[in-house]
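Student: I am attaching a structure below and will ask some questions about it afterwards.
The values are calculated or read from the model by the stated rules, or taken from the named source; none is laboratory data. All values reported here derive from a predicted model rather than from experimental measurement. Don't worry about glycine lacking a Cβ; one is built from the backbone with ideal geometry, like all the others, and counts go over all protein chains shown.
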Amino acid sequence: MNSDIRVRFAPSPTGYLHVGGLRTALYNYLFARAQGGVFVLRIEDTDRTRLVEGAVENLLRTLSWAGLECDEGPAQGGPFGPYVQSERLELYAAHIQTLLADGKAYRCFCTTERLAELKKAQAAEKRPPMYDRRCRTIPVEEAERRAHEGEACTVRMKVPLLGEVVFTDEIRGEVRVSASVIDDQVLLKSDGYPTYHLANVVDDHLMRISHVIRGEEWLPSTPKHLLLYDFFGWTPPRFAHLPLLLNADRSKLSKRQGDVAVEDFRAKGYLRDALVNFVALLGWNTSDNREMFTLPELVAAFSLARVGKAGAVFDHDKLDWFNAQYLRALPADALAALCTPHLEAAGVDVGDRARTDAVLAAVLSHLTVPADVVEAARIFFEAMPLAEEGEAREALAAPGARVVLESFARLAGDVSPWTRDAVKECIKAVQKDAGVKGKELFMPIRAALTGRAHGPELPVIAELLGRDVCLERILAALR
RNA sequence: GGCGCGUUCGUCUAGCGGCCAGGACGUGGCCCUCUCAAGGCCGAAACACGGGUUCGAUUCCCGUACGCGCUACCA
């Protein structure tokens, strides 16, 4: 165990886990495990206007479902807790005092209204929207007096007017930003809560985070964070900014363009191994064409060096393919555990476990998610209306259909036991008897038995249905 | 508008100066086959553009274009 390596996943509790968040969490987890380091979960709930009831619990549950167990976090605690930012307010306040005392930050009394006007004016003049630093020159004594008298204020960082911030991103290499374009960012809001910028720096330092692995949307604010580390006299962690996950139109992956919540995929029946495997490959690969990985295999193979730079479109088709692959690799009992609830919900009696397993095996290649089993397996549990599919109706209306069915009904009586092989033989006998083969032979029987023109192999269907049901449906079709 | 990041098949990607530019999803065809699905085989499909550097650029450098992100008392 290399406890010097410490990473964190720091989501804000919005109510659900975004798949982009899942990937960020996954890479952090993989990096930590691969390095023998520590994976920390920290809740960033400093925006009290966006509190969502039960969000943290849901986040914990979803992360755990995905198999991403953390070493330190709100559930299990740890040596650097608490791990929820709203419980760390005194810490931020103390650090703000330090900054204020050192002249690295200043109180700002500008109202939201003035700020809005300023922004509007700047936009009208096509000037970059930055705080004009009006309060930066207020004498400290005056500022303190006004604050103590109860005047609402925020605290802003005093960004150097000159110079440049340069750092090396683990994924992108050297990034340089001129200090002149860095805003005097608010660090402490007027409600006493810190902004992300302050809280994340203070916490990452206090929690001894060695590598900050986060989404690329944070790249532009990293210089501010670096400045803060400098203000505090701290050694900053290393940064790795992950490429974004994209919608099909290449904009940042968002709701309104399909599911983005891990919970949604879970609810739809996507297997966690399939989702994790798929998401892991969005921005990372092993250069050897391999793409099937279990979580432990990902840990063994992962390295930050092989994370790409460009955004990756979330391709639902490929996710479906992964899920189908994982579904087919499942042992029979696991498959049954996943599928039978859907069958039961659809009113199917799954009491005969052996038969249910056989049905599942017969339709497995038609499934993308477990819920598909209901539609795929209906023919085994209920008589389908013969007119449902035009193709099936045509097969029954074909010239030789009647002869085939009558022959089948007659010969089926001699079949014993009623197994798929025996049925196969029986169909051969019908072929001879009725004098038709191929499509003309199979389709009428298939249509009569299932009401459909498509499905698993006919002998398999017949075996699963049992002789009585088969005869029943054949007779019904003849009427 | 400013700043930053990015750019190989439709999509995910391999490639780290010399390759017929490889794989996967999707897609087209064929095979298997009573049908569909699965599976197997085959195919179409990409280096954004322009300059350099070099004997030689997908690869290195610089521009341009395009895309995306950020630009809140949200994270």
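Student: Taking segment A:436-459 only, how many residues are among the aliphatic types (A, V, I, L, M) and either near RNA strand B (Cβ under 6 Å from one of its atoms) or modelled with pLDDT of 95 or more (or both)?
Tutor: 3
Student: Would segment A:55-78 turn up any residue that is farther than 30 Å from A:N277 by Cα and within 12 Å of RNA strand B (Cβ to nearest atom)?
Tutor: no
Matching residues to (1) within 11 Å of RNA strand B (Cβ to nearest atom); (2) within 13 Å of A:V159 (Cα to Cα):
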{"site": "A:C110", "(1), (2)": "yes, no"}
{"site": "A:L118", "(1), (2)": "yes, no"}
{"site": "A:A121", "(1), (2)": "no, no"}
{"site": "A:P128", "(1), (2)": "yes, no"}
{"site": "A:R133", "(1), (2)": "no, yes"}
{"site": "A:V140", "(1), (2)": "no, no"}
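Student: Just checking, does segment A:93-100 include any residue being in contact (Cβ under 8 Å) with a residue 12 or more places away in the chain and either closer than 28 Å to A:D273 by Cα or touching a Pro at 6+ places or on another chain (Cβ under 6 Å) (or both)?
Tutor: Checked segment A:93-100: no residue is in contact (Cβ under 8 Å) with a residue 12 or more places away in the chain and either closer than 28 Å to A:D273 by Cα or touching a Pro at 6+ places or on another chain (Cβ under 6 Å) (or both).
Student: Grab the helices (runs of 4 or more DSSP H) fully contained in segment A:354-414, keeping just those with 2 or more residues being farther than 17 Å from A:E457 by Cα and β-branched (V, I, T).
Tutor: Hits in segment A:354-414: A:401-412.
Student: Looking only at strands (runs of 3 or more DSSP E) that lie completely in segment A:1-111, which have at least 2 residues being outside the structural domain of A:V212 (by TED's automatic domain parsing)?
Tutor: Where strands (runs of 3 or more DSSP E) fall fully within segment A:1-111 and carry at least 2 residues being outside the structural domain of A:V212 (by TED's automatic domain parsing), they are A:6-9, A:38-41.
Student: Now for a different question. Does A:E142 satisfy being free of Cβ contacts under 8 Å to residues at least 24 places away in the same chain and in a loop (DSSP other than H, G, I, E, B)?
Tutor: No.
Student: Mind checking whether some residue in segment A:262-274 is within 13 Å of RNA strand B (Cβ to nearest atom), surrounded by fewer than 19 Cβ atoms within 10 Å (Cβ to Cβ) and in the same structural domain as A:S12 (by TED's automatic domain parsing)?
Tutor: Looking only at segment A:262-274, we keep the residues that are within 13 Å of RNA strand B (Cβ to nearest atom), and these are A:274.
Applying the additional criterion that residues be surrounded by fewer than 19 Cβ atoms within 10 Å (Cβ to Cβ) yields none.
No - not one qualifying residue is present in segment A:262-274.
Conditions (1) outside the structural domain of A:A345 (by TED's automatic domain parsing); (2) more than 16 Å from RNA strand B (Cβ to nearest atom); (3) of a type in the set (V, I, T), marked per residue:
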| site | (1), (2), (3) |
| --- | --- |
| A:V369 | no, no, yes |
| A:V373 | no, no, yes |
| A:A377 | no, no, no |
| A:A401 | yes, no, no |
| A:V404 | yes, no, yes |
| A:R410 | yes, yes, no |
| A:S416 | yes, yes, no |
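Student: Within segment A:150-163, identify whether any single residue is assigned to a loop (DSSP other than H, G, I, E, B) and within 8 Å of RNA strand B (Cβ to nearest atom), and answer yes or no.
Tutor: The initial filter retains those residues of segment A:150-163 that are assigned to a loop (DSSP other than H, G, I, E, B), namely A:150-153, A:158-163.
With within 8 Å of RNA strand B (Cβ to nearest atom) added as a condition, the list becomes A:152-153.
Yes - at least one qualifying residue is present in segment A:150-163.
Student: Anything in segment A:1-32 that is surrounded by fewer than 21 Cβ atoms within 10 Å (Cβ to Cβ), touching a helix residue (DSSP H, G or I) at 6+ places or on another chain (Cβ under 8 Å) and farther than 20 Å from A:R61 by Cα? List them, or say none.
Tutor: A:N2, A:I5
Student: Moving on to the next point. Inside segment A:28-46, can you point out the residues that are of a type outside the set (A, V, I, L, M) and within 16 Å of RNA strand B (Cβ to nearest atom)?
Tutor: Kept after step one, since they are of a type outside the set (A, V, I, L, M), are these residues of segment A:28-46: A:28-29, A:31, A:33, A:35-37, A:39, A:42, A:44-46.
Answer for segment A:28-46, where residues must be of a type outside the set (A, V, I, L, M) and within 16 Å of RNA strand B (Cβ to nearest atom): A:N28, A:R42, A:E44, A:D45, A:T46.
Student: Another question, if that's okay. Considering only residues that are of a type in the set (A, V, I, L, M, F, W, C), out of contact with any Pro (no Cβ under 9 Å at 6 or more places or on another chain) and buried (at least 22 other Cβ atoms within 10 Å of the Cβ), which ones fall in segment A:275-297?
Tutor: A:L275, A:V276, A:F278, A:V279, A:A280, A:W284
Student: Does A:R176 meet the test of being assigned by TED's automatic domain parsing to the domain that holds A:T111 and modelled with pLDDT of 95 or more?
Tutor: Working: assigned by TED's automatic domain parsing to the domain that holds A:T111: yes; modelled with pLDDT of 95 or more: no.
No; evaluated as a whole, the condition is false for this residue.
Student: For the condition farther than 20 Å from A:T356 by Cα, aromatic (F, W, Y) and surrounded by 21 or more Cβ atoms within 10 Å (Cβ to Cβ), what is the one hit in A:F380, A:F442, A:F408?
Tutor: On the way: A:F380 fails: farther than 20 Å from A:T356 by Cα; A:F442 fails: surrounded by 21 or more Cβ atoms within 10 Å (Cβ to Cβ).
After applying the criteria, what remains is A:F408.
Student: Okay, moving on. Considering only residues that are within 9 Å of RNA strand B (Cβ to nearest atom), among the hydrophobic types (A, V, I, L, M, F, W, C), closer than 26 Å to A:V369 by Cβ and in contact (Cβ under 8 Å) with a residue 24 or more places away in the chain, which ones fall in segment A:279-336?
Tutor: If the condition is that a residue be within 9 Å of RNA strand B (Cβ to nearest atom), among the hydrophobic types (A, V, I, L, M, F, W, C), closer than 26 Å to A:V369 by Cβ and in contact (Cβ under 8 Å) with a residue 24 or more places away in the chain, then A:L282, A:W284, A:A312, A:V313, A:F314, A:L319, A:F322, A:A324 are the ones that fit.
Student: With (1) touching a His at 6+ places or on another chain (Cβ under 8 Å); (2) more than 9 Å from RNA strand B (Cβ to nearest atom) as the list, and A:T222 as the residue in question, which single condition is left unmet?
Tutor: (2)
Student: Can you tell me which residues in segment A:125-159 are within 40 Å of the chain's Cα centre (by Cα) and either surrounded by 15 or more Cβ atoms within 10 Å (Cβ to Cβ) or more than 20 Å from A:T112 (Cα to Cα) (or both)?
Tutor: A:K126, A:M130, A:Y131, A:C153, A:T154, A:V155, A:R156, A:M157, A:K158, A:V159
Student: Within segment A:337-355, how many residues are among the β-branched types (V, I, T) and modelled with pLDDT of 95 or more? Let's see the steps before the verdict.
Tutor: Of segment A:337-355, the ones among the β-branched types (V, I, T) are A:340, A:348, A:350.
Narrowing further to those that are modelled with pLDDT of 95 or more: A:340.
Selection size over segment A:337-355: 1.
Student: Next up: So how many residues does segment A:296-348 have that are among the aromatic types (F, W, Y) and more than 20 Å from the chain's Cα centre (by Cα)? Working first, answer last.
Tutor: Quick first cut of segment A:296-348, residues among the aromatic types (F, W, Y) only: A:302, A:314, A:321-322, A:326.
In the following step, the residues that additionally are more than 20 Å from the chain's Cα centre (by Cα) were identified as none.
Residues in segment A:296-348 being among the aromatic types (F, W, Y) and more than 20 Å from the chain's Cα centre (by Cα): 0 in total.
Student: Also, I was wondering about something else. Among the residues that make up segment A:420-433, is at least one of them small (G, A, S), loosely packed, with under 14 Cβ neighbours inside 10 Å, in contact with a helix residue (DSSP H, G or I) (Cβ under 9 Å, 6 or more places away or on another chain) and over 22 Å from A:R272 (Cβ atoms)? Before you say what the answer is, go through the steps one by one.
Tutor: In the first step, residues of segment A:420-433 are kept if they are small (G, A, S); the result is A:422, A:429.
Okay, now just the ones that are also loosely packed, with under 14 Cβ neighbours inside 10 Å, so none.
No: segment A:420-433 contains no residue that is small (G, A, S), loosely packed, with under 14 Cβ neighbours inside 10 Å, in contact with a helix residue (DSSP H, G or I) (Cβ under 9 Å, 6 or more places away or on another chain) and over 22 Å from A:R272 (Cβ atoms).
Student: Oh, and also: Just checking, which of A:L471, A:L465, A:L458 is among the aliphatic types (A, V, I, L, M), surrounded by fewer than 21 Cβ atoms within 10 Å (Cβ to Cβ) and touching a Phe, Trp or Tyr at 6+ places or on another chain (Cβ under 7 Å)?
Tutor: Sole residue among the options that is among the aliphatic types (A, V, I, L, M), surrounded by fewer than 21 Cβ atoms within 10 Å (Cβ to Cβ) and touching a Phe, Trp or Tyr at 6+ places or on another chain (Cβ under 7 Å): A:L458.
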